[in-house]
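Reading through the structure tokens given below for one structure.
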Amino acid sequence: MELGLWFPILRTTLQEGDTVDIKVVPLKESEMRPVPTGNYGFGKTMTNRMFTQYYSSDKGWHDATIGPYGPFSLEPATSVFHYAQEIFEGTKAYRLTDGNINLFRPWENMKRFNNSARRMAMPNVDEEEHLEAIIQLISMDQEWTPSQPGSALYIRPTMIATEPFLGVHASSNYLHFVILSPVGAYFAEGFNPVPVHISHEYRRAVKGGTGAAKTGGNYAASLLAGADAKEKGYSQVLWLDAIEGRFIEEVGAMNICFVYGDDHIVTPPLTGSILPGVTRDSVIKLGRHLGYQVTEEMVDVNDLLADIQSGKISEVFGCGTAAVIAPVGKFGYRDEEYIVNNYEVGPVAKHLYQQLTDIQYGRILDPFDWTLTIKVD
């Protein structure tokens with residue numbers, strides 16, 4: 001991809017007759033930080049640049065800019081601080097062996113960003129322009145995309161309400177920004193089983209609420225239960241439905257899947273309180289492509305635990321952008337523990353993880369046209 005870094009404006013044709021202008025602010029020498037090598041952790045280090053654009057009710061979206069990563073100046077009365085009107089996304093860029101960079105199903109993330117915006121009474125962004133901004137940002141900071149096995153460049157698009165007011169209504173002004181972070185494994189355990197606590201006291205979301213939107217309030221509501229689980233020795237929380245407290249919904253910030261026997265994968269259906277994960281959808285489509293039976297069914301927590309004890313359920317794993325596939329080694333529920341597959345990674349989770357990551361890193365043919373390759377000069 002030809003970056004044209006010497007121009008003050010980057011103009012890229014998205015499709016015939018449709019263009020997007022992004023102003024480029026050159027970085028000063030003092031703003032150029034060295035690229036880290038190894039031991040990335042997750043989401044602790046940001047790249048040198050970020051994308052920003054602003055929305056107002058009279059001008060719409062304007063001032064699209066790629067410039068140095070840095071803080072914002074917002075008034076204490078800014079509405080996002082008081083009413084949590086904000087959304088975000090999470091996707092990754094993967095370094096290929098030829099040096100180019102893959103994005104994985106980025107169109108789905110652009111679509112979900114707008115779905116979240118609608119639920120939170122926020123303006124939509126142009127999905128093509130949003131994706132183009134991400135491509136240009138990655139291209140300009142491409143040296144931050146790591147090449148170590150299992151590493152990637154995490155992409156975090158965000159929108160926040162910026163009108164300064166203390167009345168309860170949707171903001172008239174917004175900031176949309178994208179930041180990038182080189183990351184390693186999400187879990188310290190790596191691709192190994194994690195212990196999960198089933199919360200019988202706390203609930204994450206309810207049908208008709210904001211559970212299907214990727215908004216910060218959903219995650220803030222999970223923090224106390226997460227801290228409680230960690231005190232008990234668990235890595236994540238398994239959430240039950242908020243109406244009856246019986247049916248499985250999500251695990252941590254991921255969707256969840258159960259393997260019955262050798263080849264039947266079950267995941268809870270999208271009822272309105274569960275985030276429609278891109279990795280979840282990929283597991284469903286890829287699983288069927290690989291010959292597994294994949295169904296979406298309500299799973300009662302009591303049936304789940306009985307089926308684990310009887311061996312009917314052979315594997316459990318979470319799926320999401322950060323970890324891709326996260327095998328579950330045991331559940332804790334009401335002071336009892338239930339071991340899954342002898343606390344070992346099962347063959348189905350291993351198979352899906354290998355196939356998904358091979359597609360993402362370009363090691364095998366992508367049969368679904370899921371990847372978008374950014375050419376790096």
Once amide H atoms are placed 1.01 Å from N in the peptide plane, what residues at a sequence separation of 5 or more from residue 321, or on another chain, have their amide H within under 5 Å of its amide H? 279
Taking only C-alpha pairs under 8 Å that are 6+ residues apart, what is the relative contact order of segment 168-271 in percent? 22 percent
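Give the range of the longest stretch in the chain that excludes all GluC sites (Glu not before Pro) found in loop regions by DSSP and having at most 16 other beta-carbon atoms within 10 Å.
Working: sites that count: 2, 16, 189, 201, 244, 297, 344.
Of all site-free stretches, the longest is 17-188.
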For residue 207, which sequence-distant residues (separation of 5 or more, or a different chain) have an amide H within less than 5 Å of its own amide H, given hydrogens modelled in the peptide plane? 242
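Using R₀ = 22 Å, calculate the FRET efficiency as 1/(1 + (r/R₀)^6) where r is the Cβ-Cβ separation of residue 111 and residue 56; round to 0.05. Write down the numbers at each step before the final one.
On the way: r = 24 Å, r/R0 = 1.10.
That pair, residue 111 with residue 56, gives E of 0.35.
Going by C-beta contacts inside 10 Å, put 264, 289 in order with the fewest on the left. Could you put the intermediate results ahead of the total?
On the way: 264 16, 289 12.
The fewest-first ordering by Cβ neighbours comes to 289, 264.
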Footprinting proxy, 52, 97, 47: sorted fewest to most Cβ within 10 Å, the residues are 97, 52, 47
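Taking the Kirkwood radius as the inverse of the mean 1/r across Cα pairs, report the Rg/Rh of segment 142-290. Each step should come with its number before you reach the end.
Details: Rg = 18.0 Å, Rh = 18.0 Å.
Rounded to two decimals, Rg/Rh equals 1.00.
Relative contact order (percent) for segment 9-184, with alpha-carbon contacts under 8 angstrom and 6 or more residues of separation? Write down the numbers at each step before the final one.
Values: 329 pairs, mean separation 54.2, N = 176.
It comes to 31 percent, rounded to a whole number.
Over 32 Å between Cα atoms, which of 207/285; 214/375; 330/375; 232/285; 207/375; 285/375 qualify?
Numbers: 207/285 25 Å; 214/375 30 Å; 330/375 43 Å; 232/285 36 Å; 207/375 42 Å; 285/375 27 Å.
Checking Cα-Cα distances, 330/375; 232/285; 207/375 exceed 32 Å.
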Under a Gaussian network model of the chain whose springs join Cα atoms within less than 10 Å, the largest fluctuation of 316, 283, 25 belongs to 25
Return 95, 156 ranked ascending by Cβ neighbour count within 10 Å, so the fewest neighbours appear first. 156, 95
Suppose each label sits 7 Å from its Cα in the direction of the beta carbon; what would the residue 289-residue 372 distance come out to in nanometres? 1.8 nm
Per GNM of the chain with C-alpha springs under 10 angstrom, the most fluctuating residue out of 248, 364, 101 is 364
With the contact rule set at Cα under 8 Å and sequence spacing of 6 or more, what percent relative contact order holds for the chain? 18 percent
Of 291, 332, 211, the one that fluctuates the most in a GNM where the chain has Cα springs shorter than 10 Å: 291
For the charge dipole of the chain, defined by +1 on Lys and Arg C-beta atoms and -1 on Asp and Glu C-beta atoms about the Cα centroid, which residue among 258, 224, 138 has the Cα displaced farthest towards the positive pole? 224
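Since every read-out is calculated from the coordinates, none of them should be taken as a lab result. This is a predicted model, so every value here is computed, not measured. Don't worry about glycine lacking a Cβ; one is built from the backbone with ideal geometry, like all the others, and counts go over all protein chains shown.
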